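Since the structure comes first, as structure tokens, the remarks are kept for the end.
The values are calculated or read from the model by the stated rules, or taken from the named source; none is laboratory data. In this text the structure is predicted, and so the values were computed from the model without any measurement. Every residue, glycine as well, gets a Cβ built from its backbone with ideal geometry; the counts of neighbours run over all protein chains shown. For the accessible areas, the whole protein counts, side chains as well, though only heavy atoms, and no ligand, DNA or RNA atoms are used. Shrake-Rupley method; radii C 1.70, N 1.55, O 1.52, S 1.80 Å.
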Amino acid sequence: ELSAEERAFQEAIDADIKVEPRDWMPAAYRKTLTRQIAQHAHSEVVGMLPEGNWISRAPSLKRKCVLLAKVQDEAGHAQYLYGAVETLGASRDALYEDMLAGRMKYSSIFNYPTLSWADIGTIGWLVDGAAIINQIPLCRCSYGPYARAMVRICKEESFHQRQGFDIMVSLCKGTPAQKQMAQDALNRWWWPAVMMFGPPDGESVHSAQSAAWKIKLFSNDELRQKFIDQTVPQARHLGLTIPDADLAFDAASGHWRIGAIDWSEFYRVIKGEGPCNVERLAARNKAWDEGAWVREAALAHAAKRAKRSIG
Ligand code: 3HC
């Protein structure tokens, strides 16, 4: 039985009234948003690692500058999102320490290695492509600060996807070896990108409540299907083969049907047993420890300035 406050809250959600930080909200709404926004931010921070791996090895100055700009954008996305989660009363440092200790998640997709330059193109094309499909609806989610953070992030993500696809076009128009490199990257990134949208709706823990609170406007499977329908024609345009022998167009529904997804891989990866989980967390813990002096210096400087301005 809902309390009067919970009933009023749900009526506001149903009327598409944005929830703002100072509004009353159910503890569970605050909790699930803190979880989702923090893990979204953690994804942006960890996501810089696989891409950063190729900044010093980009094939041209232009590609290096574009990749640098993209990685910088990801850092900025994390800042917007940590800022949004702080409006829920959460401590940014505590949430970050939870990620460093493996107590909070980040997107499964960043636990795979970037083995060639084609991986950078494939990440832009598929991973940022998937992120856009997942993030556009979030611009209209019920929590104001999250929705507004997503508007800016989505604008930058579209550049990320374009530059990735542009890399794939260059490789696929290049030498046979370059085209094979692009095909090899697609072979390794296709299924992890499909899994990025989360478990199937029937196994999704949070979907029903997140949908009722208009945090999740489309289900995991709906967004996954949108990604598949968008990506198959792009792969064919590139002359690349989607690594799925069961891929078939279903004329009746107008959708592309894929083969079975190996959910045991997904659950293994989000449990911390993916190809790069240990390496990613070790890199993030090392950076946190080595950056302690910068944080202390910045805080000392801010304290001195505050004292001067009062004095
Ligand atoms: N990676 C890691 N964990 C995942 C996951 C994934 N791809 N998909 C689902 N999970 C986790 C959920 O977090 C949840 O675990 P938790 O209770 O410990 O948080 C569990 O699996 C059950 O999944 P649900 O579907 O019930 O969970 P959600 O309702 O939260 O849906 C989601 C998962 C669709 C990822 C949703 O959280 C979401 O939309 N998050 C915001 C978007 C986001 O985080 N995107 C990250 C992509 S990377 C990125 O954007 C960087 C860009 O620059 C490429």
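Any idea which residue in the stretch 123-180 is nearest to the ligand (Cβ to nearest atom), counting only those that are crowded, with 24+ Cβ neighbours inside 10 Å and among the aromatic types (Phe, Trp, Tyr)?
TYR146
Which residues, taken from the stretch 242-261, are assigned to a loop (DSSP other than H, G, I, E, B), surrounded by 12 or more Cβ atoms within 10 Å (Cβ to Cβ) and not β-branched (Val, Ile, Thr)?
PRO243, ASP244, LEU247, GLY259
Filter the stretch 73-88 for residues that are within 15 Å of the ligand (Cβ to nearest atom) and either open to solvent by 50 Å² or more (accessible area, probe 1.4 Å) or touching a residue at least 60 places away in the same chain (Cβ under 8 Å) (or both) and give the result. Let's see the steps before the verdict.
Taking the stretch 73-88 as the starting set, the residues that turn out to be within 15 Å of the ligand (Cβ to nearest atom) are 73-82, 84-85, 88.
Matches in the stretch 73-88: ASP73, GLY76, HIS77, GLN79, TYR80, LEU81, ALA84, LEU88.
Within the stretch 89-107, count every residue that is open to solvent by 10 Å² or more (accessible area, probe 1.4 Å), in a helix (DSSP H, G or I) and within 13 Å of the ligand (Cβ to nearest atom).
Qualifying residue count, the stretch 89-107: 2.
Would you mention how many residues in the stretch 207-265 are over 29 Å from MET150 (Cα atoms) and small (Gly, Ala, Ser)?
10
Output the number of the condition that ARG224 fails; it satisfies all remaining conditions of (1) under 19 Å from the mean Cα position of the chain (by Cα); (2) not in a helix (DSSP H, G or I).
Result: ARG224 passes all but (2).
Every residue in the stretch 268-278 that is touching a residue at least 40 places away in the same chain (Cβ under 8 Å) and at negative phi, please.
Passing the criteria: VAL269, ILE270, GLY274, PRO275, CYS276, ASN277.
Here are some residues: ARG22, ARG7. Which one is outside any helix (DSSP H, G or I), more than 16 Å from the ligand (Cβ to nearest atom) and surrounded by fewer than 18 Cβ atoms within 10 Å (Cβ to Cβ)?
Just a single option satisfies the conditions, and that option is ARG22.
Could you check SER309 against (1) within 24 Å of ILE167 (Cβ to Cβ); (2) surrounded by fewer than 16 Cβ atoms within 10 Å (Cβ to Cβ); (3) not acidic (Asp, Glu) and say which number it fails?
Only one criterion in (1) within 24 Å of ILE167 (Cβ to Cβ); (2) surrounded by fewer than 16 Cβ atoms within 10 Å (Cβ to Cβ); (3) not acidic (Asp, Glu) is unmet by SER309, namely (1).
Limited to the stretch 268-298, what total is found for residues that are within 24 Å of PRO199 (Cα to Cα) and aliphatic (A, V, I, L, M)?
4
Residues of the stretch 230-252 being within 21 Å of ASP184 (Cα to Cα) and of a type in the set (Asp, Glu), which ones?
Those that are within 21 Å of ASP184 (Cα to Cα) and of a type in the set (Asp, Glu): ASP244, ASP246.
Examine the stretch 194-216 for a residue that is away from the ligand (no atom under 11 Å from the Cβ), open to solvent by 60 Å² or more (accessible area, probe 1.4 Å) and either of a type in the set (Phe, Trp, Tyr) or out of contact with any helix residue (DSSP H, G or I) (no Cβ under 7 Å at 6 or more places or on another chain) (or both), and state whether such a residue exists.
no
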